[in-house]
Amino acid sequence: MNALSPVQQQFRNAMAFCAAGVHVITTDGAAGRYGITMTALAAVTDSPPTLMLCVNRSTRIYPILRENGLLCVNVLSAGQRDVAEHFAGLTALTPEERFEQHIWQRGHSGQLQVDGALAHLHGRITAQQEIGTHGVFFAEIDEIRVHGSAGDAALLYFSREFKSLS
């Protein structure tokens, strides 16, 4: 792995101070089942409801997500730090064992959603572009389940640590 340039390191340091919601992205289909913890996600538009996800092309989920074309965005609550850690690869669990640690349901498209999440957004990838080391996926959302309310605590990532916000 190449060392980061000073500008790249400063960029990472600056981005560490941008608080972000924590999500677990799951996909299941012909290419297999996989999940990953992600903060690089943003809403694009509500007409039609579309999200943008930035995924490093060297990750295991990248080709799986491309081939499956379907996903579920699980918006994690503050009480789901363990889910985030498992799917971020911070524990010794294999990718398959990560799904055995929690209760999962399937949405209408067959994608896995974890119980206890504040929301589940199911969709299909409608466009993709490669920029630098990452692929940018645009996913049109066609099934939304909101379980949280304004008083619920969300799981955040800030200064390279998981935090909660209520």
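The values are calculated or read from the model by the stated rules, or taken from the named source; none is laboratory data. Because the structure is a prediction, the values reported are computed rather than measured. SASA here: full protein model, heavy atoms, side chains in, ligands and nucleic acids out. Shrake-Rupley method; radii C 1.70, N 1.55, O 1.52, S 1.80 Å.
Here are the numbers:
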{"read-out": "Candidates 124, 98, 12, ranked by Gaussian network fluctuation over the chain, Cα under 10 Å, top entry", "value": "12"}
{"read-out": "Alpha-carbon centroid distance for the pair the range 24-42 / the range 61-95, whole angstrom", "value": "6"}
{"read-out": "Theoretical gain in end-to-end length, residue 57 to residue 81 [0.36 nm per residue, Cα-Cα removed]", "value": "6.1 nm"}
{"read-out": "Cα-based shape type of the range 20-160, given that a ≥ b ≥ c are square roots of the gyration tensor eigenvalues and the cut on a/c is 1.5", "value": "rounded"}
{"read-out": "Over the range 11-146, relative contact order from alpha-carbon pairs under 8 Å, at least 6 apart, %", "value": "28"}
{"read-out": "³J(HN,Hα), Karplus 6.51/-1.76/1.60, whole Hz, each residue of the range 90-103, x for Gly, Pro", "value": "8, 10, 7, 5, 6, x, 6, 5, 4, 6, 7, 8, 9, 8"}
{"read-out": "Share of carbon and sulfur in the accessible heavy-atom surface of the chain [1.4 Å probe, %]", "value": "53"}
{"read-out": "Per residue accessible area of the chain, 1.4 Å probe, in Å²", "value": "54"}
{"read-out": "Residue-averaged [θ]222 nm for the chain, counting only DSSP H segments that reach four residues, each worth -39500 (n - 2.57)", "value": "-4500 deg cm²/dmol"}
{"read-out": "Amide hydrogen neighbours beyond the local backbone of residue 142, cut-off 5 Å, H modeled", "value": "122, 123, 124"}
